[in-house]
Amino acid sequence: MYSVSPPPPQRRDFISVTLSPGEAAGAGGYNNGKAWRRRSCWRKWKQLSRLQRSVILFLFAFLAVCGVISYTNMGEQWKSLTNKSSENQNTEPEVPGLKPANPAVLPAPQKADTNYPELSPQKHPKLLQVRRGPPNLQIRPPRRDARVKAHNVAGKAEEEPVQADKEEKTEKSIISWRGAVIEPDQSTEPPSSKIKEPEKPSSVEVEDQKEPVPINERQMAVIEAFRHAWKGYKEFAWGHDELKPLSKSYSEWFGLGLTLIDALDTMWILGLKEEFEEAKKWVATDLQLDKNVDVNLFESTIRILGGLLSAYHLSGDIIFLEKAKDIGSRLMPAFNTPSKIPYSDVNIGRGTAHPPRWTSDSTVAEVTSIQLEFRELSHLTGDEKFQKAVDMVMKHVHSLSGKNDGLVPMFINTNSGQFTHLGVYTLGARADSYYEYLLKQWIQGGKKENELLEDYMRAIEGVKKHLLRRSEPKKLTFIGELAHGHFSAKMDHLVCFLPGTLALGAHNGLTADHMELAKALIETCYQMYAQVETGLSPEIVHFNLHAQKDHKDVEIKPADRHNLLRPETVESLFYLYRFTGDKKYQDWGWEILQNFNKYTRVPSGGYTSINNVQNPSNPEPRDKMESFFLGETLKYMFLLFSDDIDLINLDKYVFNTEAHPLPIWAPA
Ligand code: DMJ
């Protein structure tokens, strides 16, 4: 114990501290009696100056206040400790005679991914437990124990304490009209323009009850691939159209951040919330649509308008709808043509449109594959002009002569409205998505628009009659081309969208032989990968029609042996797996992903298209990552590996031709 000694003769404004006689004498000093001590203390107190007494009193008062405060905090801590331990007692069965040393805070460890140790559940618990999926999944409240580690862009894990205020924030999340969880700070004010409040679909509530399906190892590998691609884009091409991963730079097509917008919904579906938020910020603050630039109507519709609409539906954030309305309006001048068949190009800053310099034709696939997006824009905004413009195109094409058993030529004139270059029929470039959108518009509109279905059914019959053959020696079913009555055994990789579309039609009640054809064709598309040295498909193959010794089914011409990281085969694998549950489709997709990793992955970040799929020792990287690799290829891979049919439920969503899911309209 300390006591205060009397001041020395001359006045000093400080206090000296010495031991009392009793203490100096050791423990025995205590025996000198309490009365002596009281008297001695009082005498000493009286000998102090006024200043010294005030200081001492102040010190005592200060200590007393501190004491009261710390007592209150201890009480709180005690309360929370006792609460926690009672929660634990509720959830964890106690082993008789043993009590857990500490209350459990972290989730139980899960099995490590041996193929991708850097993605093991222990390192990335968030990936497993807080998947941000589509609206029908998002209405499930995130688990309270899920947020343990945050990951910076380089993929480095950082400890993040499980904080009460964070949990509170999660619980305050708003359930949007479509059931998407919107963080309170991310929802923006509705625009003053007349974007109407869409109706809430009735299906949302039912799925609220389901438990999230954990992400599996193959899906984690897709997430890893996406992160690697995104790292390159972020570092060298942020806000630009495409990454050039080898030269660590970028290329511009429209100057509208194409890759970033194309990838928005993929990030959402893969659960990459931080990346999504960062990209969203760019859309909100840096996406400049008032720009003197010519854009291709079709490409900007499927990638930008489609990407924004889908991001809006998944996240519920109005900023995406505002931007969608903006770009949609800026594209409308394309329809100011004598025939109302749109021009291929629009200047979105000037409001002018024009065909390519060398012709007044547009491509048939381009003018008939913008409908899902413009129709949805009308549906959301209440402004009919978007849907009217694209419906008119479909009606006009429906009425045209010049088709061959439902098969359309590749070009249409913007002045006359007539098909041109008659006599050439393909399901590849320039015609492909015409067929896809016939079926998908019919599904989008609730299967009521009969003309669309008629044209689709007739076209598939035309395909069977004119374009379907079998190769030698393996008798692979393939789709060739017809040019002025001559059959060519040439098939674009682009045609591999067809098995998926056929399967989707069969799932929606169309004839079962469409599913049989789908199964045969996807086998062929897979062989276009499997029979090639790198295990990656070329852009175009030619099939052998006659058995010849030592010849494979698939022949590749030197000009066609590039691979652009295209999605069509994995897209179809996804549909086939969803509808049949046959795991071989997942295995085929897994092989393809591994070959992309082997031959197209650039170590510093990103993936590149390659020039030669036949040369595994030098596939000749092209130095370009197409936006659809993130928008489509990796998204379909992730969905293919998932066993969760509610992860973009195909009875509720229809994918546009750039893999952006849009809702199927509820019956009126
Ligand atoms: C994408 O832009 C779309 O899928 C389009 O319909 C066809 N081409 C590319 C992908 O290959």
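The values are calculated or read from the model by the stated rules, or taken from the named source; none is laboratory data. Note that the structure is predicted; figures quoted are calculated from it, not measured. As a convention, Cβ positions derive from the backbone with ideal geometry for all residues, glycine included, and neighbour counts pool all protein chains shown.
Could you tell me which residue of region 243-259 is farthest from the chain's Cα centre (by Cα), considering only residues that are of a type outside the set (A, V, I, L, M) and in a loop (DSSP other than H, G, I, E, B)? Spell out the reasoning first.
As a first pass, look at region 243-259 and keep what is of a type outside the set (A, V, I, L, M): 244-245, 247-255, 257, 259.
Remaining after also requiring in a loop (DSSP other than H, G, I, E, B): 245, 247-248, 252-255, 257.
Numbers: P245: 21, S247: 26, K248: 24, E252: 22, W253: 22, F254: 22, G255: 21, G257: 16 Å.
Going through the qualifying residues, I end up with S247.
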Item to check | All strands (runs of 3 or more DSSP E) inside region 313-387 with 1 or more residues being of a type outside the set (A, V, I, L, M) and farther than 20 Å from L289 by Cα | outcome: 361-363
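Against the condition in contact with a helix residue (DSSP H, G or I) (Cβ under 6 Å, 6 or more places away or on another chain), surrounded by fewer than 23 Cβ atoms within 10 Å (Cβ to Cβ) and not charged (D, E, K, R), how does G351 come out, does it pass? Show your work before the answer.
Working: in contact with a helix residue (DSSP H, G or I) (Cβ under 6 Å, 6 or more places away or on another chain): yes; surrounded by fewer than 23 Cβ atoms within 10 Å (Cβ to Cβ): yes; not charged (D, E, K, R): yes.
Spelling it out, G351 is indeed in contact with a helix residue (DSSP H, G or I) (Cβ under 6 Å, 6 or more places away or on another chain), surrounded by fewer than 23 Cβ atoms within 10 Å (Cβ to Cβ) and not charged (D, E, K, R).
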Checklist entry - Of the conditions (1) away from the ligand (no atom under 16 Å from the Cβ); (2) assigned to a loop (DSSP other than H, G, I, E, B); (3) not hydroxyl-bearing (S, T, Y), Q586 fails just one. Which one is it? => result (2)
Next on the checklist: Within region 253-284, take every residue that is touching a Ser or Thr at 6+ places or on another chain (Cβ under 9 Å) and among the charged types (D, E, K, R) and give me the one that is surrounded by the fewest Cβ atoms within 10 Å (Cβ to Cβ).
Outcome noted: K280
Checklist entry - List the pairs whose first member sits in region 477-499 and is in contact (Cβ under 8 Å) with a residue 60 or more places away in the chain and on the phi > 0 side of the Ramachandran plot, whose second member is aliphatic (A, V, I, L, M) and not in a strand (DSSP E or B), and whose Cβ atoms are under 6 Å apart, counting only residues at least 6 apart or on separate chains? => result none
Checklist entry - Does any residue in region 561-574 that is on the phi > 0 side of the Ramachandran plot come within less than 8 Å, Cβ to Cβ, of a residue that is within 11 Å of the ligand (Cβ to nearest atom) and outside any loop (DSSP other than H, G, I, E, B) six or more places away or on a different chain, and which pairs are these? => result L565/F628; L565/F629; L565/T633
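Considering only region 265-308, state which residues are within 16 Å of the ligand (Cβ to nearest atom) and under 25 Å from A225 (Cα atoms).
Applying the first criterion (within 16 Å of the ligand (Cβ to nearest atom)) to region 265-308 yields 265-266, 295-308.
Matches in region 265-308: D265, T266, E299, I302, R303, I304, G306, G307, L308.
Using the structure shown, decide if L305 is modelled with pLDDT of 95 or more and either touching a Ser or Thr at 6+ places or on another chain (Cβ under 6 Å) or part of a loop (DSSP other than H, G, I, E, B) (or both).
On the way: modelled with pLDDT of 95 or more: yes; either touching a Ser or Thr at 6+ places or on another chain (Cβ under 6 Å) or part of a loop (DSSP other than H, G, I, E, B) (or both): no.
The answer is no for L305.
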Checklist entry - If the Cβ limit is 7 Å and pairs must be 6+ apart or interchain, which residue in region 637-666 that is within 22 Å of L308 (Cβ to Cβ) pairs with which residue that is within 16 Å of the ligand (Cβ to nearest atom) and part of a loop (DSSP other than H, G, I, E, B)? => result T657/S369; A659/P567; L662/N656
Checklist entry - Any residue in region 337-357 that is in contact with a Ser or Thr (Cβ under 9 Å, 6 or more places away or on another chain), within 16 Å of the ligand (Cβ to nearest atom) and touching a residue at least 12 places away in the same chain (Cβ under 8 Å)? => result yes
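Tell me which residues, restricted to region 546-568, are within 16 Å of the ligand (Cβ to nearest atom) and among the hydrophobic types (A, V, I, L, M, F, W, C). Reasoning before the result, please.
The first filter runs over region 546-568 and keeps only residues within 16 Å of the ligand (Cβ to nearest atom), leaving 560, 562-568.
Across region 546-568, the qualifying residues are L564, L565.
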Checklist entry - Conditions: (1) under 22 Å from the mean Cα position of the chain (by Cα); (2) crowded, with 24+ Cβ neighbours inside 10 Å. F543 meets all but one. Number of the miss? => result (1)
Checklist entry - Can T608 be described as of a type in the set (S, T, N, Q), within 16 Å of the ligand (Cβ to nearest atom), modelled with pLDDT of 95 or more and in contact with a helix residue (DSSP H, G or I) (Cβ under 8 Å, 6 or more places away or on another chain)? => result no
Checklist entry - From the list E235, E224, E217, E205, which residue is modelled with pLDDT under 95 and either surrounded by fewer than 21 Cβ atoms within 10 Å (Cβ to Cβ) or of a type in the set (A, V, I, L, M, F, W, C) (or both)? => result E205
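Can you confirm whether D241 is acidic (D, E), under 27 Å from Y343 (Cβ atoms) and in contact (Cβ under 8 Å) with a residue 60 or more places away in the chain? Even if it seems obvious, please write down each step before you answer.
Values: acidic (D, E): yes; under 27 Å from Y343 (Cβ atoms): yes; in contact (Cβ under 8 Å) with a residue 60 or more places away in the chain: yes.
So D241 fits the description; yes.
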Checklist entry - For region 634-668, how many residues meet the condition of being part of a loop (DSSP other than H, G, I, E, B) and within 13 Å of the ligand (Cβ to nearest atom)? => result 5
Checklist entry - What residue, among those in region 616-633 that are surrounded by fewer than 23 Cβ atoms within 10 Å (Cβ to Cβ), touching a residue at least 40 places away in the same chain (Cβ under 8 Å) and more than 16 Å from W253 (Cα to Cα), is nearest to the ligand (Cβ to nearest atom)? => result R622
Checklist entry - Can you name the residue in region 410-425 that is within 17 Å of P342 (Cβ to Cβ) and touching a helix residue (DSSP H, G or I) at 6+ places or on another chain (Cβ under 9 Å) and, of all such residues, is farthest from the ligand (Cβ to nearest atom)? => result G417
Next on the checklist: Let me spell it out: the conditions are (1) in contact with a His (Cβ under 9 Å, 6 or more places away or on another chain); (2) modelled with pLDDT of 95 or more, and P198 meets all of them except one. Which number is the exception?
Outcome noted: (2)
Checklist entry - Could you say which residue among E591, E571 is of a type in the set (D, E), under 20 Å from L494 (Cα atoms) and within 14 Å of the ligand (Cβ to nearest atom)? => result E571
Item to check | Complete set of residues in region 220-238 that are without any contact (Cβ under 8 Å) to a residue 60 or more places away in the chain and among the β-branched types (V, I, T) | outcome: none
